[in-house]
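Enquirer: I am attaching a structure below and will ask some questions about it afterwards.
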Amino acid sequence: SQTIHQWPATLVQPVGSPLSLECTVEGTSNPNLYWYRQAAGRGLQLLFYSVGIGQISSEVPQNLSASRPQDRQFILSSKKLLLSDSGFYLCAWRGTARNQPQHFGDGTRLSIL
Amino acid sequence: GQNIDQPTEMTATEGAIVQINCTYQTSGFNGLFWYQQHAGEAPTFLSYNVLDGLEEKGRFSSFLSRSKGYSYLLLKELQMKDSASYLCARLGAGSYQLTFGKGTKLSVIP
């Protein structure tokens with residue numbers, strides 16, 4: 001069966017510091033991968049998605065970036081965090097067959113001080 | 001845009017039935033998903049509708065009317081553990097992206 005791992009679960013970072021969140025998927029090949037952010041009281045906002053190694057689509061211009069160095073690895077990064085980057089970050093995967101649901105990792109709660 | 005509208009909050013009694021509605025833009029539509037999200041946790045997949053009608057999964061059912069741009073999630077025999085946010089998500093045609101509503105926070109009371 002497929003599983004998705006996301007870490008860390010919780011992170012507290014100072015303003016201006018860098019960020020690296022990692023997500024890996026097991027049990028499937030060539031998944032579509034997604035990064036979302038969920039701010040308090042708001043809906044899920046799609047940040048990036050990828051349909052293959054090295055391919056990244058950005059949905060919202062901001063100081064975050066994403067990379068997919070391996071088929072089942074998706075990384076969310078920032079060189080300098082802002083206060084507004086606080087939130088709940090979720091990685092998700094789905095199979096390539098049309099209309100497959102997305103399945104989420106456990107999320108990372110990021111607090112910027 | 002792809003606005004998805006669902007009520008912000010609902011309250012229902014344990015053992016009762018509750019219906020959570022969702023409306024969405026019909027153009028370029030390719031499917032409707034429902035997710036459950038408990039506080040502080042990640043969303044989990046509940047149901048998927050692409051054709052008109054009712055899909056039943058145990059205590060949960062989901063309905064879709066494509067012509068009306070309307071879906072609902074029906075929860076029967078409510079339990080306290082059903083207290084959570086329920087997210088409606090629209091899949092666009094030719095797209096692998098889901099657009100999520102802001103969620104409906106359901107509180108189940110004794």
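Enquirer: For the protein assembly as shown, give the percent of accessible area contributed by carbon and sulfur heavy atoms, probe 1.4 Å, rounded to a whole number.
Expert: Carbon and sulfur together cover 50 percent of it.
Enquirer: With no solvent and one equal point scatterer placed on each C-alpha of chain B, evaluate the Debye formula and give log10 I(q)/I(0) for q = 0.17, 0.21, 0.24 Å⁻¹, two decimals.
Expert: For the requested q values the scattering log ratios are -0.74, -1.10, -1.38.
Enquirer: Here's a follow-up. Quick one, can you get me the convex hull of the C-alpha atoms of the stretch A:13-77 expressed as volume per residue in Å³?
Expert: It comes to 104 Å³ per residue, whole-number rounded.
Enquirer: Could you give the semi-axes, largest first, of the ellipsoid that matches the stretch B:30-73, computed as the square roots of 5 times the alpha carbon gyration tensor eigenvalues and rounded to whole Å?
Expert: They are 21, 12, 8 Å, listed from largest to smallest.
Enquirer: Would you calculate the convex hull of the Cα atoms in the protein assembly as shown and tell me its volume per residue in Å³?
Expert: It comes to 123 Å³ per residue, whole-number rounded.
Enquirer: Another one. Between the alpha-carbon centers of the stretch A:1-61 and the stretch B:96-110, tell me the distance in whole angstrom.
Expert: 20
Enquirer: Give me P(r) over chain A, computed from all C-alpha to C-alpha distances, binned every 5 Å, as integer percentages.
Expert: 2, 13, 24, 26, 19, 10, 5, 1, 0
Enquirer: Moving on. At 25 °C and 0.890 mPa s, what whole-number value in µm²/s does Stokes-Einstein give for the translational diffusion of the stretch A:66-113, with Rh from the Kirkwood sum over Cα pairs?
Expert: D, rounded to a whole number, is 192 µm²/s.
The values are calculated or read from the model by the stated rules, or taken from the named source; none is laboratory data. Since the structure is predicted, the reported quantities are computational estimates derived from the model, not experimental observations. Each accessible area value is taken on the protein alone, full model and side chains, heavy atoms only, with ligands, DNA and RNA left out. Shrake-Rupley method; radii C 1.70, N 1.55, O 1.52, S 1.80 Å.
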